[in-house]
Amino acid sequence: MIGTAHLRRLERLIVDDSKFLSTILSYVLTVAIYANLSTIRSAIVGIAFCIAYLFINGVFLADAFFKKEALLFRLIFGLLLVIMLLGFVGYIVMVIYNLDLIETTFVLFTVSTISSLVNKRMKPKNVL
């Protein structure tokens, strides 16, 4: 099991995202999920990519909205926010058109972008 100190360091690494590496990783995971859904079709690979995707975007949203909460609650609330955002964007796409493989990938990209932008916008500007 990962210790709390390691989890905090991983959270800080994802949240600091000064060079957009975590955002790019989230986009790469989206492409990997698409590749898995369209060609590989492996449940183990898909679960691993989805857990990483949910963790990264959950940490983005958790830091933006629940900064003062304990680490575990922050991660749980961030994960719930990502799931709610996926459901909301997926519902909008489903109402407008149809939710198939390409549109699911669009939903994942949209949620990654929203999570990253919210994380960037909620950071204090004048931190030394």
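Using a simple spin-label model with pseudo-atoms 7 Å out from Cα toward Cβ, R8 and L72 lie 1.6 nm apart.
Only helices enter this figure: runs of n ≥ 4 DSSP H residues, each worth -39500 (n - 2.57), summed and divided by the residues of the chain, yield -26500 deg cm²/dmol at 222 nm to the nearest 500.
Considering only S116, S22, S38, the Gaussian network model of the chain with Cα springs below 10 Å gives its largest mean-square fluctuation to S38. Within the chain, helices built from complete DSSP H runs that reach 24 Å or longer along their own axis (Cα positions) and carry a mean Kyte-Doolittle hydropathy of 1.0 or higher are 43-65, 71-96. Note on A43/M94: beta-carbon distance plugged into 1/(1 + (r/R0)^6) with R0 of 22 Å gives a FRET efficiency of 0.40. The Rg/Rh ratio of the chain, with both radii computed over alpha carbons and Rh defined as the Kirkwood radius, is 0.99.
Taking the number of Cβ atoms within 10 Å of each Cβ as an exposure proxy, the fewest-first ranking of T104, T113, T23 is T113, T104, T23.
Read the figures in this text as sums done on the coordinates, not as results from a lab. Nothing here was measured: the structure is a model prediction, and the numbers come from that model. Using ideal geometry, Cβ is built from the backbone for each residue, glycine included, and neighbour counts are taken over all protein chains shown.
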